[in-house]
Amino acid sequence: MSSPIDPIPPEYDSPTGQRPAITGAAIPTLPRHDPYAAFRSRGFSFFTAGNLLSIVGRQMLAVAVEWEIYRRTHSATALGLVGLVFAIPIVGLSLPAGHLADRISRKQIILVAQIFSAITSALLALVSWQHLAIPNMSILNACNHGLAVIAGVFEHHQTSFHFDDASIPLIYLLLFLGAAARTFSWAARSSFFPTLVPRDAFANAVTWNNSVFQIGSVVGPAISGFVVAHIGFPIVYIIDAFAAFSFFLLILPIPRAPQVGQRADRNAWRSLAAGIKFVFSKNVILATITLDLFAVLLGGATALLPIFADQILHCGPIGLGWMRAAPAVGAFATALGIAYFPPMRQAGKALLWCVAGFGIATIIFGLSKALWLSLLMLFLAGGFDSVSVIIRGSIVQLVTPDEMRGRVSAVNNIFIGTSNEFGALESGLTAALFGPVVSVVGGGIGTILAVLGAAWKWPEIRKIGALDKTLG
């Protein structure tokens, strides 16, 4: 029996117009994740290239100046005072810098700050090169005497430290002036780069911005250790001056973005108060930056790396360079992975776990006597810290309206910037009193306690979800 429906020959294809229409709900195509979304903006690409050069130079300078000061003083207190010199401008100038960033062109502030930074680095090179020819003026001798008295309070148990080089007070002065320039630049940069990308690409921009910082933090210390060991300190400072000027040149072609802040309150004190009030009214911002503050304040071991390189691991300036680079290698690898994977959906829980991991890695580093283990722990600490930086940076900028970004970035800088610098001071002074191992291990334990305290005080941290445009 024949079939009721004749089969259609395989070579026959029905005309398009006679084909039955497809009915029913269409399945939407999920948008493809673009790991390079931020770089579709030409302005962001220029900014990132300049920022990378600037960071490389600054990280080179940080390694060189720490090693130079320690080699000329053999004082843990002297290393701690480097942190204090950096912290004072941050505390005193961050709020005015944030107000200025909301009132005038952020691009203009960055340009002026980079020129000033280049000049201070060039002068630092001159002081380092001619340090033996600097006359023993009474004011320099008085400064060295005061530094020796301060060191004697914390290092009375040992007498190997000395403050007899006339260049030491001048180095501190130039570091202070450079830190003042960077304070204004930081407030302007933090509120400038969000205007270069669409809001949907902002978390991606924060991730790449952090990645660039980590790349610079890898390349800078590694190059600096080699240059210091084979050429000398002044060349490092000259390279930093050229890097700062290169950032100036790359910022020039970026068009100036309109700023809503130009219509903001012209009264400086009311403007600053509004920025502080905004931060304290947003628990999600306050909680994340407070957690980061105490984690870095207590758990940072960076300031003591010259002592570990010299007295514990015996690896010299090249080893110091790799130790300074190891956290950045871990941070960059982590940030690169975050950029390629879709945005995290449980950012709050990830933040708490990563800060706790940072504390554990710090403890193991403090107890380590092997260079490979120390480098591994610094690598892991950098990876954990990278997640914290990306989450905090995304939250602060996404929740903050553009007209307040300068002031909120300034408040954030006081929290985070001073935690790094006062953390260096705390590490140096506790190392002078109790030794470097106790200082680092105690700081790691304090970081873990800070995580527990933040999770208890602000339970909403655990509820932070995706870092995208839904965050408000």
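Can you pull the semi-axes for region 113-260, root of five times each eigenvalue of the Cα gyration tensor, sorted largest first, whole Å?
One finds semi-axes of 37, 17, 17 Å for region 113-260.
Kindly provide log₁₀ I(q)/I(0) values, in the same order as q = 0.15, 0.23, 0.27, 0.32 Å⁻¹, from the Debye equation applied to equal alpha-carbon scatterers of region 130-176.
-0.40, -0.83, -1.01, -1.17
When you count, for each residue, the other Cβ atoms within 10 Å and take the mean per peptide, how do 100-106, 206-212 rank with the highest first?
Descending mean neighbour count gives 206-212, 100-106.
Measure up Lys369/Lys457; Lys282/Lys349; Lys277/Lys349; Lys107/Lys349 against 28 Å on the Cα-Cα distance and list the ones that go over. Intermediate values should be presented prior to the final figure.
Details: Lys369/Lys457 37 Å; Lys282/Lys349 18 Å; Lys277/Lys349 26 Å; Lys107/Lys349 36 Å.
Over 28 Å Cα-Cα: Lys369/Lys457; Lys107/Lys349.
Quick one: which of 162-170, 218-226, 109-117 comes out on top by average Cβ neighbours within 10 Å, and what's the full order, highest first?
Working: 162-170: 19.4, 218-226: 23.4, 109-117: 21.2.
Highest mean packing first, the order is 218-226, 109-117, 162-170.
Could you order Met323, Met137 by accessible surface area, starting with the largest, using a probe radius of 1.4 Å?
Ranking Met323, Met137 by accessible area, largest first, yields Met137, Met323.
Using the Karplus curve 6.51 cos²θ - 1.76 cosθ + 1.60 with θ = phi - 60°, work out ³J(HN,Hα) for each residue of region 145-151 in order, rounded to whole Hz, and write x for Gly and Pro.
5, x, 5, 5, 5, 4, 4
The values are calculated or read from the model by the stated rules, or taken from the named source; none is laboratory data. This structure is a prediction, so every number in the text was calculated from the model and none was measured. For neighbour counting, all protein chains shown are included, and Cβ atoms are generated from backbone atoms with ideal geometry for every residue, glycine included. These accessible areas exclude ligands, DNA and RNA; they are computed on the full protein's heavy atoms, side chains included. Shrake-Rupley method; radii C 1.70, N 1.55, O 1.52, S 1.80 Å.
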